[in-house]
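Report on the following structure.
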Amino acid sequence: MGAFHRGELLVQERAGVRGRAERVAGSIRGEMPAPARSFLEDRRSVVLAAADERGRPWASALGGPAGFVRASDSRTVRIEALPPPGDPLSQPIESTEFAGLLAIDLATRRRMRVNGRLARENGALLIRADQVYANCPKYIHPREAEVSRGAGLVAAPRGAGLTDAQRDWIARADTFFIATMYPGEGADASHRGGPPGFVSVAGNRLAWSDYAGNMMYNTLGNIAAYPRAGLLVPDFSTGANLLLTGAARIVWPAQGRGGQRIVELEVEETVELRPAS
């Protein structure tokens, strides 16, 4: 099997970067080198991407003391944490086959991704890695605070659309995390950042520009093959997380007119997770 699935290949071809993507593919590993394992063990929070019982992707924040996530061997990540009650991934984690993991240090703007198969063992999550790779620090806003820890969060009632307060929350955001998947192939968690307001909100529709990154187009490739996505929008001032899922699509610039790709998400369900104290 090649490094990329059909959705990623389609987007790479349309973006005109197929050759460069093939060269970058050499950075994708099946195992975690020693520096990657050390980086994982220093983290106090990670972002998990997986599907709910309806096959919809969600992004969830998991947290704990340094060492709560570690590599038990060169291909297995062990996470001593579960999504909190009320999190959309708290129950279907039992039957979800694939997961994507994003480990990110916002202070140093370093990040790595681990995509693979998900299992649960004695109150912990295990991810058997298929793909391990680092990303450049582009668009990461440096800050000392990390993604809010899952422990101690309480879920508000779910919503079928955005409230005005949630629209304001998103409009102020300079960071979010996105979960995408391609059933039968895998799941992926990634980061998006920009100045406050880089995500536009109109009703239940969000839109943001997609900027060139590592040329592999994992996120866009998943959306091209399976047009759904889940977002986690952290509020770093309060520790709360806004989780969204919905239908996604890529809007390509008109041929010959330049412009930037736009990603749109039509929100279908929302969950707020707020600190218990």
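Stokes-Einstein at 37 °C, 0.692 mPa s, Kirkwood radius from Cα pairs: D for the chain in µm² s⁻¹?
After rounding, the answer is 177 µm²/s.
Leaving out ligands, DNA and RNA, and with a 1.4 Å probe, what % of the accessible surface on region 151-269 is carbon or sulfur?
Carbon with sulfur: 52 percent of the solvent-accessible area.
What percentage of the solvent-accessible surface of region 1-98, computed with a 1.4 Å probe over protein heavy atoms, is contributed by carbon and sulfur atoms?
Heavy-atom surface of region 1-98 belonging to carbon and sulfur, 1.4 Å probe: 47 percent.
Tell me, what is the per residue accessible area of the chain in Å², probe radius 1.4 Å?
42
Beta carbons within 10 angstrom, averaged per residue: use that to sort the peptides 225-232, 63-70, highest first.
Ranking, from highest mean packing down: 225-232, 63-70.
Read phi for every residue in region 181-187 and hand back ³J(HN,Hα) as whole Hz from Karplus 6.51 cos²θ - 1.76 cosθ + 1.60, θ = phi - 60°, with x for Gly and Pro.
After applying 6.51 cos²θ - 1.76 cosθ + 1.60, I find 7, 9, x, x, 10, x, 10 Hz.
Could you work out the relative contact order of the chain, using alpha carbon pairs under 8 angstrom and six or more residues apart, expressed as a whole percent?
RCO, the chain: 21 percent.
Provide L10, L118 ordered by accessible surface of protein heavy atoms (probe 1.4 Å), highest first.
L10, L118
The values are calculated or read from the model by the stated rules, or taken from the named source; none is laboratory data. Keep in mind that what you see is a predicted model, and the values were worked out from it rather than measured. For neighbour counting, all protein chains shown are included, and Cβ atoms are generated from backbone atoms with ideal geometry for every residue, glycine included. Just the protein is used for accessible areas: all its heavy atoms, side chains included, with ligands, DNA and RNA removed. Shrake-Rupley method; radii C 1.70, N 1.55, O 1.52, S 1.80 Å.
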